[in-house]
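Structure first, then comments.
The values are calculated or read from the model by the stated rules, or taken from the named source; none is laboratory data. Treat the numbers as computed from the prediction; the structure is a model and nothing was measured. Reconstructed Cβ throughout: ideal geometry from the backbone, glycine too, with neighbour counts over all protein chains shown.
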């Protein structure tokens, strides 16, 4: 350790290397045994409380925090900050003003701003492994558990500039006034359900188009046959739109859509699986005017 005087501030302490040789902690510049301490390290700084860095190449920030007033700043080739919790949380983010509890930004194409992953190790649970990647909760029905926004221009200067939805005076639902052309929320799955909505006494899902547009769209399953080919592994309540495109006996191409509903099989009152479909009869067609 070396004490270096500073005319403007109190003395600093610089750790130039371990003086106890190799330990179980490796070559450590500074460490504490905190079994009898309330805090292992308790520090304060004007620009940054703690700056930690682990990089193989010189960092462009020259070991300086990007934003002043930062409690902990971590820069690393793999992880900037890594938190691992045993019984409570790996990382806890909290905000008491108008900012954001946890703020993630992706600065490149294909990068992810925030990722929530659930990986339950089966050896820790006798039951079937299950967990939750991301939970969004709101209290007293005053907010929204999860809000996904798509905007055409997103200039992020900090956590306080994240776009927020506003309430519709009539419905009380959130809306952003049609400022985006992308996808607000996308849910995908390989063999499971992409998006599942459930409510005890309300609606499982509500869809609204504030302008003159369809509330829901079923992407047709395209088939190059004149006769619809229906799946055998249906479930009661499934709704399927099929678009059949093929040439008829006269050599003309036919293009038609049909809507089908999966209904219960006879004699199977307690079974959801069904191979029985019924076509939904549609009325006359009308050309859109707007």
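Counting just the residues of region 26-55 that are modelled with pLDDT under 85, on the phi < 0 side of the Ramachandran plot and in a loop (DSSP other than H, G, I, E, B), which one comes out surrounded by the fewest Cβ atoms within 10 Å (Cβ to Cβ)? Let's see the steps before the verdict.
Keep residues of region 26-55 that are modelled with pLDDT under 85, which gives 26-36.
With the extra rule that they be on the phi < 0 side of the Ramachandran plot, the set shrinks to 27-36.
Next, only the ones that are in a loop (DSSP other than H, G, I, E, B) stay: 27-33.
Working: 27: 10, 28: 13, 29: 10, 30: 9, 31: 14, 32: 10, 33: 7.
Going through the qualifying residues, I end up with 33.
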Conditions: (1) surrounded by 10 or more Cβ atoms within 10 Å (Cβ to Cβ); (2) on the phi > 0 side of the Ramachandran plot. Residue 235 meets all but one. Number of the miss?
(2)
Could you run through region 211-236 and say how many residues are farther than 22 Å from residue 277 by Cβ and more than 25 Å from the chain's Cα centre (by Cα)?
4
Quick check on region 250-275: of everything there that is more than 25 Å from residue 233 (Cβ to Cβ) and in a loop (DSSP other than H, G, I, E, B), which residue is farthest from the chain's Cα centre (by Cα)?
250
Tell me which residues, restricted to region 111-130, are part of a loop (DSSP other than H, G, I, E, B), modelled with pLDDT under 85 and loosely packed, with under 10 Cβ neighbours inside 10 Å.
119, 121, 126, 127, 128, 130
Looking only at region 237-249, decide whether some residue is under 37 Å from the mean Cα position of the chain (by Cα), within 27 Å of residue 224 (Cβ to Cβ), in a loop (DSSP other than H, G, I, E, B) and in contact (Cβ under 8 Å) with a residue 24 or more places away in the chain.
yes
Within region 66-77, identify whether any single residue is assigned to a loop (DSSP other than H, G, I, E, B) and surrounded by 12 or more Cβ atoms within 10 Å (Cβ to Cβ), and answer yes or no.
no
Criterion (exposed (fewer than 11 other Cβ atoms within 10 Å of the Cβ) and not in a loop (DSSP other than H, G, I, E, B)) met by exactly one of 278, 203, 217:
278
Restricting attention to region 220-236, which residues are under 21 Å from residue 204 (Cα atoms) and in a strand (DSSP E or B)?
234, 235
